[in-house]
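**Student:** Okay, handing you the structure first.
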């Protein structure tokens, strides 16, 4: 799957069946379902989930919480817009 095909899948009603939980969370986020995206990764303890967690909290406007999660990944809050960061994360997980 490419970033372009992943983006195209967002026009559907369900995420592609063979994608990781991380990509599922990003898919639901793109569908404006923050709660579902967060629910998918909130109990995962790895760095991949932490990166998505950081992005979701940044998007929500909770920069303090976002910064905590970015630190767990060894990253700083990016200076790019949300769409750019979303694409970076999707590309990294594909």
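Where a number appears in this text, it was derived from the coordinates with a stated rule and is not lab data. Computed from a prediction, not measured in an experiment: that's the story for all the values here. FYI the Cβ positions are ideal-geometry reconstructions off the backbone, even for glycines, and counts take in every protein chain you see.
**Student:** As I understand it, the value is the acute angle between the Cα axis of helix 47-60 and the longest principal axis of the Cα atoms of the chain; what does it come to in degrees, rounded to 10?
**Tutor:** It works out to around 80 degrees.
**Student:** Listed highest first by mean packing, meaning other Cβ atoms within 10 Å per residue, what order do 6-16, 43-53 come in?
**Tutor:** 43-53, 6-16
**Student:** Using only C-alpha positions, report the orientation-averaged shadow area of the convex hull of the range 20-93, nm², one decimal.
**Tutor:** Dividing the Cα hull surface by four gives the mean projection, 4.2 nm².
**Student:** Compute the angle between helix 21-30 and the longest alpha-carbon principal axis of the chain, please, reported from 0 to 90 degrees and rounded to the nearest 10.
**Tutor:** 90
**Student:** By how many degrees, between 0 and 90 and to the nearest 10, does the Cα long axis of helix 63-73 differ from the longest principal axis of the chain?
**Tutor:** On a 0 to 90 degree scale, this one is about 80.
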